[in-house]
Amino acid sequence: MNLPNILTVARFLLTLAFLFLSQRLEVWAIYWAAGMFTLGALTDFLDGYIARKYQLFTDFGKLMDPIADKFLVLSAFFIFMQKGYFPPWMFYVIVVREVSVTVSRLCLMKSGKVIAAEFAGKAKTVLQMITIFAMLIMNLLMFSTYDMSSWVFKKTTADFFFIVTQLLMILTVTLTVHSGLKYFWNNRQNFKA
């Protein structure tokens, strides 16, 4: 096990901790959940950076890294869907895209074809992270005070966060679908027997 693989395994564990803590209603748990997600996102960046810089590529990393990435992102979207931050259909669209692209990449990798990440896919990942962090901030604010007269609970604040998160989700779903369709179209020759 090299460092990138350890970080990949850590991302699974951090995601499980995030899921567990996100189900609790105590303020400390919400803060810790945000911390677990942030650390998980950091490991996503670091494992790839370290593997590329020091040429520490392994079969385990090639297989498990994308699965760990999707597990982290889909877990966050699942939690926020449960909290009612956006309609369930948006979550299911993202799941279908992420699972189908990841499975197809792994199948192509098994047959010896390595597909480089496209710009649309990278932009999608960045937008997904921005959207998740916006929802994490909204979640933290909502649990940071019980004072109903606080600015956090004012209608203008709630409306602002609602509009921002809805716009981000619409953009995220649109770019997620676009990047998935583009991936399958650009790689259509690779799927032929």
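To keep it simple, each residue is scored yes or no on (1) within 23 Å of VAL103 (Cβ to Cβ); (2) surrounded by 18 or more Cβ atoms within 10 Å (Cβ to Cβ); (3) under 18 Å from the mean Cα position of the chain (by Cα).
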site	(1), (2), (3)
ARG11	yes, yes, yes
LEU21	no, yes, yes
VAL27	no, no, no
LEU42	no, no, yes
GLN55	no, no, no
ALA68	yes, yes, yes
Any chance ASP69 is among the acidic types (Asp, Glu), out of contact with any strand residue (DSSP E or B) (no Cβ under 9 Å at 6 or more places or on another chain), modelled with pLDDT under 90 and farther than 29 Å from ALA158 by Cβ: no
Sole residue being surrounded by fewer than 17 Cβ atoms within 10 Å (Cβ to Cβ), over 17 Å from GLY84 (Cα atoms), of a type in the set (A, V, I, L, M) and at pLDDT 75 or above, chosen from ILE115, ILE163, ILE137: ILE115
Residue pairs meeting the criteria (Cβ under 8 Å; at least 6 apart or on separate chains; first under 22 Å from LEU106 (Cβ atoms), in segment 168-193; second exposed (fewer than 12 other Cβ atoms within 10 Å of the Cβ) and not aliphatic (A, V, I, L, M)): PHE184/PHE191
Matching residues, segment 24-40, being assigned to a helix (DSSP H, G or I) and farther than 16 Å from PHE71 by Cα: VAL27, TRP28, ALA29, ILE30, TYR31, TRP32, GLY35
Condition check for LEU106: within 21 Å of TYR31 (Cβ to Cβ) and either touching a His at 6+ places or on another chain (Cβ under 6 Å) or assigned to a helix (DSSP H, G or I) (or both): no
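The values are calculated or read from the model by the stated rules, or taken from the named source; none is laboratory data. On a predicted model such as this, the values are computed, not experimentally measured, just so you know. Neighbour counts are summed over all protein chains in view; Cβ atoms, including those assigned to glycine, are modelled from backbone coordinates with ideal geometry.
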